[in-house]
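Here is the structure we will look at.
The values are calculated or read from the model by the stated rules, or taken from the named source; none is laboratory data. Bear in mind that the values here come from a model prediction, so they are computed numbers and not experimental data. Because the Cβ atoms are built from the backbone with ideal geometry, glycine has one as well, and the counts that use them run over all protein chains shown. For the accessible areas, the whole protein counts, side chains as well, though only heavy atoms, and no ligand, DNA or RNA atoms are used. Shrake-Rupley method; radii C 1.70, N 1.55, O 1.52, S 1.80 Å.
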Amino acid sequence: MIRSLQHPARLVPLAFLALILAGTGLLMLPVATEDGRAAPVLTALFTAVSAVSVTGLVVVDTGTYWSGFGEAVVTALIQIGGFGIIMAGTLLGVLVLGRLRLRGRLLAQSENSSVRLGDVRTLVGQIALLTVVVEAATAVVLAFRFRIHYGYGAADAVWHGVFHSVASFNNAGFGLEADSLMGFVTDPVVTLTVSAAVIIGGIGFPVMVEALRNARRAARRGSGRGHARIAWSLHTRITAVMTGVLLAVGFAGYAVLEWRNPATLGPLGAGDKLLAAFVAGTQPRTAGFNNLDVSALTPETLLLTDALMFIGGGPAGTAGGIKVTTFALLAVVIWSEIRGEPDVAVFGRAIPAETQRQALTVALLGVAAVAMGTAVIMVDTGFGLDRVLFEAVSAFATVGLSTGITPDLPPASQIAVIILMFIGRVGTVAVAAALALRTRRRLYTFPEERPLVS
């Protein structure tokens, strides 16, 4: 029994569940609320799950409902949840690589893989250092901006800077302002700083580490102290390209679809429209901060945002969704099949059949979770499909964007959203672990027969 619980597919969900229960208990303490009364169980549970899963959906306003202690608990849950998610994804990579044979290990090293077999404590230290550096830099910039430009008190400015830096790097859409970033829509310092932290946190730890390593190699080469060849792993190349493409699609989509919308970009000047469109297009990378009124977006923009949220960000990072690598692999599989290619290859590297099946499984499980969650909420409420689907995708992809229906959801629908957030964050890691670690070779093959596919 104990041994079975040590399997990563079971251990990861149990660890996050324990953290959620601890957070729920702390948020139910009278000292955690502004009015000094204990928060209802469902409210505390919903907030704890949203924080641990680094989502950002809320049923109460964070800045006014929770006290300083409650906000500190939410911040801690976001930080621990985000760090734990990165660690789970990274250690999964170590476990998977650990199962490779010698040839596979040599191939992984020749590809300059950012996840290496070796001292796990080194990985933990690198993750912690990157987290501290990015969050500290973000907090300093935001604190100075809040203090100097907006006149916040010194302590208030520092706390707002720290809270939003933790939330943005961990791609959690929690904010201390009731309207999130809408009050800063024309402020490039606040919105671009938050967006930068979102992109860095969401691109994934393996990409960050590999970029830093290659930057050091390039510096040594420039100083004449080394001649190490700069190489990028397939994972980093796919993640970087897809991140750039999706950021461009989000920016262009919001700019085109919302340019004349009087409730969003319409009243802004041209420069502010471009700024707001870029920031708004960045947030579906599973960040969840909204600089525009989501409830006023056009149906076309909501659909575009659904797609961007579902795809999500990079693996082994703080972003959610099915991940950009999964989406890219499925796109390449489809393109290869259309062209009649015998193999599926990306950047001159063939993709193993089991990896293709894993990508398909993760994507279809995501579609199934969103479909079931949407059906439950629609049956339980009177909201339309576009708003309910948006909420379900946002919860599963751990984004935190909402059209405003979250606080009005009845208890059954809130529980459905809680389950979606938990599955979307913890379930994808567990499924990936189960698929990767259970791969085994069969010593025989079945006779082939082709059913009709049309």
**Prompt:** Which parts of region 228-263 would a label at A218 reach, counting a residue when its backbone N lies under 16 Å from a point 7 Å out along Cα-to-Cβ?
**Reply:** 228-233, 236-237, 240-241
**Request:** Starting from the Cα of V379, step 7 Å along the direction of its Cβ; do the same at L364; then give the gap between the two resulting points in nm.
**Result:** 2.3
**Request:** Pop out the ³J(HN,Hα) list for region 346-359 in order, Karplus 6.51 cos²θ - 1.76 cosθ + 1.60 with θ = phi - 60°, rounded to Hz; leave Gly and Pro as x.
**Result:** 9, 6, x, 10, 6, 9, x, 4, 5, 5, 4, 5, 5, 4
**Asked** Taking a probe of 1.4 Å, how large is the accessible area per residue of region 292-386, in Å²?
**Response** 48
**Asked** Packing-wise, with mean Cβ within 10 Å as the measure, how do 263-274, 42-53, 322-333, 65-76 rank, highest first?
**Response** 42-53, 322-333, 65-76, 263-274
**Message:** Using the basic label-point model (7 angstrom from Cα toward the beta carbon), what is the D156 to A353 distance in nanometres?
**Reply:** 6.4
**Request:** Quick one: go through region 244-260 and flag any residue whose amide nitrogen is under 17 Å from the point 7 Å out along the Cα-to-Cβ line of D272.
**Result:** 255, 258-260
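Which order, highest average first, do 305-313, 251-259 follow once you tally other Cβ atoms within 10 Å for each residue and take the mean per peptide? Could you put the intermediate results ahead of the total?
Details: 305-313: 24.6, 251-259: 19.1.
Sorting 305-313, 251-259 by mean packing, highest first, produces 305-313, 251-259.
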